[in-house]
Amino acid sequence: MPFLNHYRLAIFVQAVFGAAVCGVVAAFTKRQYGAVAAIIAAAIVAFDPPTITVTKELLTEPLFQLVLAGAVFGSLCNHALAAGLLYGAAALVRPVAEPLLILAPVSFLLSRRWIRAAGVLCLALVIIGAWAARNYRVAGVFALTIEGPMNLYSYTVPAVVSLVTGVPLIEAQRAAAHAVESAAFGDHADLIAKAHQLSPHDEISWAVETSPQVAHLMLSRSIDVIASHPIATAEVTAIGFLRLAFEPHEPAVGLAKMVNGGGPAFQVVKIGSMALEAALLCFIWIGVARAMWIYRSDDQLWILLGIALLLLLAASPYLDVFDPRYRVPAIPFLATIAGVGWANLASLVRPGICADPATIAPGISEPRAARN
């Protein structure tokens, strides 16, 4: 809020957040896997086009990426208090962090630090619960946000219905909007008439903004559709997941305005950006595959991979929506894994850090144990 009248300053602060993420990734990776892996991991974050572009708009991703990276890497470094506070703060910035809480205490449980495992989870839940209670007092909804049910009902349900029945997606969205309007605002024909002038997604957004408790109805209907058509839901989610994980994004409106109004220069810049992102995605996933195969006994890498995949999965069940900014929060964790995988190619990962326990010579494993 303090920066609303100072757009350039706001963008500068977000750029600082992005640079700080590079620092956090480098610090953690250097501590656990060596300097070369750290340089590669930080470079991936620094050159990732969606990570760069989200800092140029007023979005939650830059702050969320930084706070979540601090939470995850803090927990892997056994800082339970900081990790609990940051996990709770990350959920307040973007509630998509809530499902990640199932992985928050894992590193402590694996090292049998039971009190720290309970502490990091309870601290995050207290922060989340306190804000959810505030929302219940204000709006009658005990949750951090009503956006989750709204997105399920606005994107996932119509996509599943369209896939099963063959109805065009836009018609399925419109039918879903009309159904919730009739159920929630049947006695207010004037309100419904105004809502019908909006796009289907805006109609559903309008319904939730007018009465937040409509989110309960949206959630129950979404669950009914998903439970009735699990295979179609899985297909919609798989398509969204694969696009989010592997598809380079196509710069459009903002870039076209800056580069010659969409002329030849814009096409050159757009193709160059997409080529860079495609190459970087290949680099990331090959590095991830190498690291997970070579160091398959490393529990920290599996935790990082689980968090990255959960973040991608949470934004996947939307058939007609592809926005690479939803990939941005997962990039620090994928970059760390990829850095380890590519550093190994030159045999530059610290000896014994990730090696299979059966092949570690006596004494080499002591630094890892001390860090844990």
Query raised in the report: Of the listed peptides 42-48, 217-223, what is their order by residue-averaged count of other C-beta atoms within 10 Å, with the highest listed first?
Result: 42-48, 217-223
Requested in this report: For Ala234 and Asp323, compute 0.36 nm times the residue count separating them, minus their Cα-Cα distance, and round to one decimal in nm.
Outcome: 30.1 nm
Report summary line: Applied in sequence order to region 176-181, the curve 6.51 cos²θ - 1.76 cosθ + 1.60 (Karplus, θ = phi - 60°) yields integer Hz couplings, x standing for Gly and Pro, of 5, 5, 5, 5, 6, 5
Query raised in the report: When you count, for each residue, the other Cβ atoms within 10 Å and take the mean per peptide, how do 230-240, 60-70 rank with the highest first?
Result: 60-70, 230-240
Query raised in the report: For region 21-180, what is the largest minus smallest coordinate of the Cα atoms on each principal axis, given in angstrom and ordered from greatest to least?
Result: 55, 39, 31
Requested in this report: Can you tell me which of 305-315, 152-162, 105-115 comes out highest on packing, and rank the rest after it, using the mean Cβ neighbours within 10 Å?
Outcome: 152-162, 305-315, 105-115
Report summary line: Taking His249, His178, His79 and ranking on accessible area (1.4 Å, protein atoms only), highest first, one gets His79, His178, His249
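The values are calculated or read from the model by the stated rules, or taken from the named source; none is laboratory data. Bear in mind the structure is a predicted one, so any value in this text is a computation, not a measurement. Don't worry about glycine lacking a Cβ; one is built from the backbone with ideal geometry, like all the others, and counts go over all protein chains shown. Heavy atoms of the whole protein, side chains included, go into the accessibility calculation; ligands, DNA and RNA do not. Shrake-Rupley method; radii C 1.70, N 1.55, O 1.52, S 1.80 Å.
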